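Visitor: Have a look at the structure that comes next, please.
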Amino acid sequence: MFSEDATLRSPFAPPAHGRAEIETLHREWTRTTTAKRLKMLSFGRSGDLAWALSRFSEGDTGAGTTLVVLDRSEGTGWLCKACSLNEEQI
């Protein structure tokens, strides 16, 4: 779901650049089965760009928000170009 030149920023890991690094990071994050939840808060689109704001929660990690920016290209369709996870501050 990520483009080859995508970036992912998170307080839970160093920045990941490119599809391969993001895939490796997600494999680590999803290795265990904890109570992972994602709730869509808002989304929108303008032409070939779209965005989605979601709230996440996960067992030991905690909770926060994530903003995803998607880009639509001919031949690949909609792919995630940038993703930012933000830890909830209590």
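Visitor: Could you pull the Rg and Dmax for the stretch 1-40, using just the Cα atoms, both in Å?
Guide: 11.0, 30
Visitor: Next question, about the same structure. Taking 0.36 nm per intervening residue step and subtracting the Cα-Cα distance, what contour gain separates THR76 from ARG19 on full extension?
Guide: The span from THR76 to ARG19 would gain 19.2 nm if fully extended.
Visitor: For the chain, how big is the tail of P(r) above 19 Å, as a whole percent of Cα pairs?
Guide: Counting every Cα pair in the chain, those more than 19 Å apart make up 42 percent.
Visitor: Loop-only GluC sites (Glu not before Pro) in the stretch 21-81, please: DSSP not H, G, I, E or B, and at most 11 other Cβ atoms within 10 Å.
Guide: Of the GluC sites (Glu not before Pro), the ones in loops of the stretch 21-81 whose Cβ has at most 11 other Cβ atoms within 10 Å are GLU74.
Visitor: In nm, to one decimal, how far is the ALA63 label point from the SER46 one, both placed 7 Å along Cα→Cβ?
Guide: The modelled label-to-label distance comes out at 3.1 nm.
Visitor: Please report SER84, SER10, SER73 as a ranked list, fewest other C-beta atoms within 10 angstrom at the top and most at the bottom.
Guide: Arranged by neighbour count, lowest to highest, SER84, SER10, SER73 become SER73, SER84, SER10.
Visitor: To continue, here is another question. Which of the trypsin sites (Lys or Arg not before Pro) found in the chain are in a DSSP loop and have at most 11 neighbouring Cβ atoms, other than their own, within 10 Å?
Guide: Answer in residue order: ARG31.
Visitor: Counting only helical runs of four or more DSSP H residues, what would the 222 nm mean residue ellipticity of the chain come to if each run contributes -39,500 (n - 2.57) and the total is spread over all its residues?
Guide: The per-residue figure over the chain is -3500 deg cm²/dmol.
Visitor: What FRET efficiency would be calculated for the residue pair LYS39, GLU4, taking the C-beta separation as r and a Förster radius of 25 Å, to the nearest 0.05?
Guide: Working from the Cβ atoms, E equals 0.30.
No lab work stands behind these numbers, since they all come straight from the coordinates. Since we're looking at a predicted model, the values are computed, not measured. In this analysis, Cβ positions are derived from the backbone assuming ideal geometry, glycine residues included, and neighbour counts consider all displayed protein chains.
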